[in-house]
Structure formats: C-alpha cells, structure tokens
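Report on the structure given below.
The values are calculated or read from the model by the stated rules, or taken from the named source; none is laboratory data. Everything numeric here is computed off the predicted structure, so don't read it as measured data. Backbone-built Cβ (ideal geometry, glycine too); neighbour counts: all protein chains shown. Each accessible area value is taken on the protein alone, full model and side chains, heavy atoms only, with ligands, DNA and RNA left out. Shrake-Rupley method; radii C 1.70, N 1.55, O 1.52, S 1.80 Å.
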Amino acid sequence: MSIHDRPARNGPSRRRALGAALALAAFPAAAADVSLRRLAADKGLWFGAAVEPQHLRQDAAYAELVRRQCAVLTPENALKWDHLRPAPDKFDFQGADAIVRQARAQGARVHGHCLVWHEALPRWMPPTLTASEAEALLAGHISQVAGRYAGRIASWDVVNEPIERAHGRPDGLRRSPWFEALGPDFIELSLRLARRADPRARLAIADYGLEYDDVPWMVEKRASTLALLAHLKRRGAPLDAFAIQGHLLGDRGPAFGAGLRGFLRDLARLGLEVWVTELDVLDTPMPADPVTRDAQVAEIYGAFLRTVLAEPAVRMVNTWGLSDRYTSKSFLHPRPDRQPVRPLPFDAELQPKPAAQALAAAFRSARRR
Ligand code: XIL
C-alpha cells in the first residue's frame, strides 16, 4: 500500500519530505533501524506509545512501525468512557480488545488509559450525579473494565487529571463531576476498586502541567500533587506510580532542572514509580521551516528526558502517538499557517526524525534500572 492510499490526517508535503531527507542525512546509518523499545529495555525502561485501533487495522506500514518500536501500547481513546459505553447498560470493548490483541502479538504490555476522568464522558451521563449514583457508576465501570482485562492490562491511569488549582480549592482538587458527587474520597475509592478488580495491575494517578520549573502555576501544582499523593499513601490507598503526562511546549525554553528533578525525587520518596505517559512536543508555535522545527522539537525531548531519566524511579516513557501521520495535535492544536504539525518521533512517512534520535540518545545515556 502506498502512503497515498491510506487515510492520513497529516498528509505529506514536498517541503516536509525534504526536511525528512535532510534530517536523515544528518543522522546516517542508525536512523532507519533505531529501535526505541530495545534501547529502553537495555536500561530496564519501558518505551511505548498511544495508539488507535483503526490505525493499526487500516495501515500495515504504521502497524509495523508500532511493532518494532513499542514495548507498551496505550489506547489513546479506546478505553475512555465515551468509547466503551454507548449506553448505560452496554459496553463495547471492540477497539480496546483489538489493541490488547495487537500488544500480545508483538510482545508488548498495555498501559490502560484511563478509568476515571472528567472528560470523554458519555452523553447519556447526567452532568450532575448524586453520591450514590456516582459510586454505583464508578464501581460498575471499574470492576467491569479493569476486571475484563485483569492479567492483560499491566498498568492503569486510574484517576486522570484530578488537580486543577484554578478551581480555587485550598487542596487544589479539580471540581470534576466525580468530585462534586463524592468529594475528595472518589480518588481513594477508585484506586481501591481498581485493585480489587485486578490485584496484579500497577495503579497510577496521572496529571499534566508539572514539567516546567519556570511556570509558576506548574510549580504550585507540583505541591498540590505531592500533598494529594502523600495523603493517599498515609491512608494506605493502593497506589504504585505517578504518571506525569509530559505534554511539552514549543514556545518556551526547556526549563527542566532542579525543580523537576526534586519533584520526581519527592515522588520516589513516597514509594512511587514515575511514568511518563503522554510525551509529545507542541510545535504549533514554532517556525514553519521543518528542519528548524524538527531540531527544536528534538532539543526539547532531549532536555526533558535527560532530566527525568536521571531519576531511577522513572520506569516507563510513552509518547502520545508515534508518528506525525496520526497525532491528535493535528486537530486539537493545528498551526495557523496550516502546515502539518510534527510533534512526534517519527514523521508522516514513518521515518525517524531528530526527535527519535533524541529519545534514542537519552535512552543510551540513561543508567540501568
Ligand atoms: C486526547 C486524544 O489524543 C484525542 O484523540 C481526543 O480527541 C481527546 O483526548 N490528556 C489526556 C489524553 O489524558 O486522554 C488526551 O487525549 C490528551 C490530554
């Protein structure tokens, strides 16, 4: 199948193809056969990416890239409530099942994303819930979903994005529908339900906006996050890891220094592993020229990974997509100049970009876990 036959959200352009060729020329030999999963595994790290079942099904060349590069598959949307639950009493596991099958076939594990979130809720769900409605929904959902995949999904983002300081609470908790119905206890409840449904799965809380040392609200959010996690640990809640999403920004310098390092160390001190689960770089505000842009994107990936991989608690790195051929940035954050976005390690022709080389270099120079 030629690349022109398949559905592409982010189709090729001559200019970008030239950029890719130049990038390859700058990184000879190794470029074409870099294997991020192998380089990561050499250091006791799991590398993977978020994927959509329809792309794996419809695009054999892309599926082959995923097979070669990923030791972890994260369903990008297939495990969210709006995908799994077309009606209150109906579950549709087709998409998620396909990813779990693909992972098994390629010897990868699955990272489950996500059991409890304030977004991607089905239309049938009322906007406000009573405490007993919310509790019944969470209990039913978590036992059905985590229970179905027990032994097949290795790890879960149990609660996604529980902190939003802009909502004004002293503890920084987000006023999500789950919070409004159940108060702060919905988090511990969700963790306990997940542990019960699959005692072997590793359980995480996930959030974004924690990466930059020079963004005051992010620095404050680190403190709220640590307070929440320390509270959960004190209560004996089943929590194995914290998932830092890693959506990096393209319009500022890579301020990943002592503050980030200290945050990761504080997480480790709480007895938590750290997983980077949604790594990508927003290139929307960057210069149009693809060669310049690719170099800047690679620099940001490299700077972030050098800092986080210095902390031995970090065990998994997932990018949010693998190739620019399929990236939600193309519709969530399109460029004003309408040039295709290039946020991921592989380009729309499935070739490694400088970003892939930056990941490879970071894995090569990481210490073994
Ligand atoms: C995004 C997906 O990438 C999109 O395809 C979808 O339309 C919206 O959700 N933080 C998360 C992810 O935890 O679930 C989000 O994924 C991106 C931000």
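Rolling a 1.4 angstrom probe over the chain with all protein chains present gives an accessible area of which 53% lies on carbon and sulfur atoms.
Cβ-Cβ distance of residue 364 and residue 105, R₀ of 41 Å, FRET efficiency by 1/(1 + (r/R0)^6): the value works out to about 0.90. What distance in nm separates the two pseudo spin-label positions at residue 144 and residue 185, each 7 Å out from Cα along the beta-carbon direction? Here the modelled spin labels are 2.4 nm apart. Among the GluC sites (Glu not before Pro) within the stretch 101-160, those in coil by DSSP and having at most 13 neighbouring Cβ atoms inside 10 Å are 119.
Computed with the Debye formula from one identical point scatterer per Cα of the chain, without solvent, the log10 of I(q)/I(0) at q = 0.13, 0.14 Å⁻¹ comes to -1.05, -1.22.
P(r) tail for the stretch 266-369: Cα pairs beyond 24 Å make up 26% of the total. Between residue 219 and residue 119, the contour length at 0.36 nm per residue exceeds the Cα-Cα span by 33.6 nm. Could you tell me which of rounded, prolate or oblate describes the stretch 65-224, using a ≥ b ≥ c as the square roots of the eigenvalues of the alpha-carbon gyration tensor, with rounded for a/c under 1.5 and, failing that, prolate when a/b is larger than b/c and oblate otherwise? Oblate is the answer for the stretch 65-224, as a/c is 1.5 or above yet b/c matches or exceeds a/b.
Could you work out how much longer the chain between residue 60 and residue 82 gets when fully extended? Use 0.36 nm per residue separation minus the Cα distance between them, nm to one decimal. Could the numbers behind the result be given before it?
Details: separation 22, 0.36 × 22 = 7.92 nm, distance 2.68 nm.
Full-extension gain reported as 5.2 nm.
For the pair residue 196 and residue 333, what calculated FRET efficiency results from E = 1/(1 + (r/R0)^6), where r is the Cβ-Cβ distance and R0 = 56 Å, to the nearest 0.05?
Values: r = 38 Å, r/R0 = 0.68.
With a Förster radius of 56 Å, E is 0.90.
Full extension of the chain between residue 91 and residue 268 gives 60.1 nm of extra length, using 0.36 nm per residue less the Cα-Cα distance.
Please calculate how many Å² of accessible area the stretch 255-345 carries per residue, with a 1.4 Å probe and no DNA, RNA or ligand atoms counted.
On the way: 2870 Å² over 91 residues.
On a per-residue basis, the stretch 255-345 sits at 32 Å².
Please report the projected area of the stretch 211-276's Cα convex hull averaged over all directions, in nm². Don't jump to the answer; show the numbers that get you there.
Numbers: hull surface 17.3 nm².
Seen from a random direction, the Cα hull of the stretch 211-276 projects 4.3 nm² on average.
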